[in-house]
Amino acid sequence: MKIAIAGSGAMGCRFGALLKEAGHDVILVDEWAIHIEAINQRGLEIRNETGSRFLPIKACLPPEVTEIMDLVIVFTKAMLTDALMQKCQHFINDRTLVLTLQNGLGNIEILEKSIPRDNLIVGVTTYGTELLGPGIIQAFGSGHNQIMQVDGKVTDDIKKLAEILIFAGMDTKVSENAFSEIWNKVAFNSVLNTLCTLMENTVGAVGHYSRFHEVIDHIVEEIIEVGYAEGVSLNKDDIFKMIINVIPPDMAGNHLPSMYQDMENNRQTEIDFLNGAIVNLAKKHNIAVPMNLLITHLIKMKEEIRFYQSQQEVKK
């Protein structure tokens with residue numbers, strides 16, 4: 001199968017590598033030229049708990065893709081989805097399946113502008129990966145994927161895709177309700193991505209705070225209330241289980257989430273598609289979400305402070 005990873009940062013590279021090693025024709029597509037050059041020159045360096053290896057795999061900028069893809073997996077940051085997909089249209093046709101495993105709310109609506117619903121597959125993943133530098137990723141522990149055709153149909157395409165991901169070594173299930181799973185992942189990221197970024201520490205360290213449950217309880221309850229208003233039923237115990245399960249070191253306990261990495265590198269975070277999206281939807285339904293509002297402000301404040309400090313350094 002010809003597969004393009006649209007947005008080949010940490011997670012995109014990890015999925016692309018596993019699919020490449022499973023025998024597929026994989027292209028890592030990204031707009032970070034130095035990253036692309038490093039992969040093409042020496043291969044993708046994959047580090048994990050047991051060591052490091054280099055994987056020869058093709059990487060390129062979007063305009064350099066010359067063939068129509070059978071599958072495109074979208075992993076770009078939510079705020080970049082629209083712009084990147086416009087640059088990827090030349091290798092997508094009416095037979096190309098498009099799978100989004102992105103964080104946040106709003107990606108499906110963006111993708112539906114250019115992708116037929118019959119070809120659009122949505123899902124979530126709990127695998128943890130960091131981008132350490134151009135052409136270098138760190139893979140943490142294990143995880144699982146849940147996928148579903150956006151219109152809810154269980155088709156041969158979705159079954160085949162699940163089999164492909166499983167054969168590549170990824171625990172994958174076809175979900176009965178993708179939208180609930182996406183909201184569960186939004187809750188998951190609205191807790192761990194933001195708290196790890198604010199505390200400047202790993203999932204495991206944050207999760208071992210003695211009153212961790214008390215902190216996250218109100219964040220999750222607010223998200224559940226907004227989800228209900230949006231017609232999405234969420235289960236608090238399921239969300240807590242999803243969060244708690246990744247805290248051990250053999251899962252993602254040593255992981256520094258992508259939001260932390262973005263903050264450290266003075267890049268825009270996905271806060272507007274996580275807690276910020278919850279705040280905006282809450283306004284529509286006249287629901288008070290003080291915890292999510294506070295977290296949104298704290299992340300945005302930290303972004304602006306870091307940008308201000310970097311500008312001051314440039315002026316020296």
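A compact table of results
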{"quantity": "log10 of Debye I(q)/I(0), alpha-carbon scatterers only, for the stretch 127-167 at 0.18, 0.20 Å⁻¹", "calculated": "-0.68, -0.74"}
{"quantity": "Value of relative contact order over the stretch 111-201, rounded to a whole percent, pairs C-alpha under 8 Å and six or more apart", "calculated": "25"}
{"quantity": "Equivalent ellipsoid dimensions for the stretch 52-186 as semi-axes, Å, which come from the Cα gyration tensor, largest first", "calculated": "22, 20, 16"}
{"quantity": "Contact order relative to length of the stretch 1-145, as percent, for alpha carbon pairs under 8 angstrom and 6 or more apart", "calculated": "27"}
{"quantity": "Residue with peak Gaussian network fluctuation, the chain [Cα springs, cutoff 10 Å], from LEU234, LEU55, LEU131", "calculated": "LEU55"}
{"quantity": "Candidates PHE54, PHE212, PHE140, ranked by Gaussian network fluctuation over the chain, Cα under 10 Å, top entry", "calculated": "PHE212"}
{"quantity": "Taking only Cα atoms of the chain, radius of gyration then Dmax in Å", "calculated": "18.9, 60"}
{"quantity": "Cα gyration tensor, the stretch 137-188 - rounded (a/c under 1.5), prolate or oblate", "calculated": "oblate"}
{"quantity": "Prolate/oblate/rounded call for the stretch 199-316, Cα gyration tensor, a/c under 1.5 rounded", "calculated": "oblate"}
{"quantity": "Full-extension gain in nm, LYS113 to LYS173, via 0.36 nm per residue minus C-alpha separation", "calculated": "19.0 nm"}
{"quantity": "Nonlocal amide H pairs with LEU55, under 5 Å, H built at 1.01 Å", "calculated": "LEU44, GLU45, ILE46"}
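Bear in mind these aren't lab numbers, they're just calculated from the coordinates by the rules spelled out. All values reported here derive from a predicted model rather than from experimental measurement.
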